[in-house]
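K.L.:
Got a structure here, written out as structure tokens. Questions coming.
Any read-out appearing in this document is the output of simple, stated calculations on the displayed coordinates, not a laboratory observation. Please read all numbers here as calculations on a predicted model, not as lab measurements. Here the Cβ positions follow ideal geometry from the backbone for every residue, glycine too, while neighbour counts run over all protein chains shown.
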Amino acid sequence: MKNIALLSVFTISMAACAQKKVEKKPTPSSSVEKIEKSEAEWKAQLSDFEYYVLREKGTERAFTGSLLNNKDEGTYICAACSLPLFESKTKFKSGTGWPSFYEPINDVNVAEEDDRSYGMVRTEVLCARCDGHLGHVFPDGPRPTGLRYCINSASLKFEKIVAEN
């Protein structure tokens with residue numbers, strides 16, 4: 001019963017978010033050097049679940065990701081290529097079940113493209129270096145950007161800031 005309720009909430013929230021279009025950011029003048037690997041190389045490097053999310057554009061179930069409740073200070077990096085993607089200071093509790101950020105670390109490291117799957121139009125978020133699927137961005141986030149980058153924990157690794165003595 002709990003799973004049905006969660007699925008209903010997820011479906012309604014996705015449909016509501018699909019109603020508004022995220023204004024896509026312009027392509028930056030500088031770009032990140034691409035990493036290209038064969039699918040066999042990605043499969044050897046990533047866990048099965050990381051491969052599913054990053055390479056096959058899968059998603060983890062809501063409220064199950066290892067980084068959802070992380071409150072440590074640091075940087076969230078791509079699980080496939082270690083490119084810095086989000087800073088902990090931009091993370092917020094959205095209540096959606098996935099780690100959420102109101103802006104990426106910069107305009108170069110995160111790419112966006114239209115996603116027309118599941119009968120709706122969303123903006124997919126990708127790692128600009130390895131084209132790994134991270135999640136989606138929606139126009140219902142907090143200030144100052146009004147954006148919610150809804151990101152799979154499986155697509156991220158976390159680098160904690162270690163205090164110097």
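K.L.:
Round to the nearest 0.05 the FRET efficiency obtained for Ser66 and Ser38 when R0 = 41 Å and r is the Cβ-Cβ distance. Mind showing how you got there, number by number?
P.N.:
Values: r = 27 Å, r/R0 = 0.67.
With a Förster radius of 41 Å, E is 0.90.
K.L.:
Using alpha carbons only, how many angstrom separate the centre of the range 54-81 from the centre of the range 98-165?
P.N.:
Answer, in whole Å: 10.
K.L.:
Okay, next question. Please give me, ordered by residue number, the trypsin sites (Lys or Arg not before Pro) of the range 26-79 that lie in loop per DSSP and have at most 13 other Cβ atoms within 10 Å.
P.N.:
Taking the range 26-79 and a limit of 13 other Cβ atoms within 10 Å, the loop trypsin sites (Lys or Arg not before Pro) found are Lys34, Arg61, Lys71.
K.L.:
Starting at the first residue of the range 101-112, write each ³J(HN,Hα) from the Karplus equation 6.51 cos²θ - 1.76 cosθ + 1.60 with θ = phi - 60°, in whole Hz, x for Gly and Pro.
P.N.:
Ordered by residue, 3J(HN,Hα) equals 10, 9, 6, x, 4, 7, 7, 9, 6, 10, 9, 9 Hz.
K.L.:
Per-residue HN-Hα couplings for the range 126-143, Karplus 6.51 cos²θ - 1.76 cosθ + 1.60 at θ = phi - 60°, whole Hz, x for Gly and Pro?
P.N.:
For the range 126-143, the Karplus-derived couplings read 10, 5, 6, 8, 10, 6, x, 6, 9, x, 9, 10, 10, x, 10, x, x, 5 Hz, x marking Gly and Pro.
K.L.:
Please list, in chain and number order, the residues 5+ apart from Gly141 or on another chain whose amide H is under 5 Å from its amide H, with Hs placed from the backbone.
P.N.:
Leu147, Arg148
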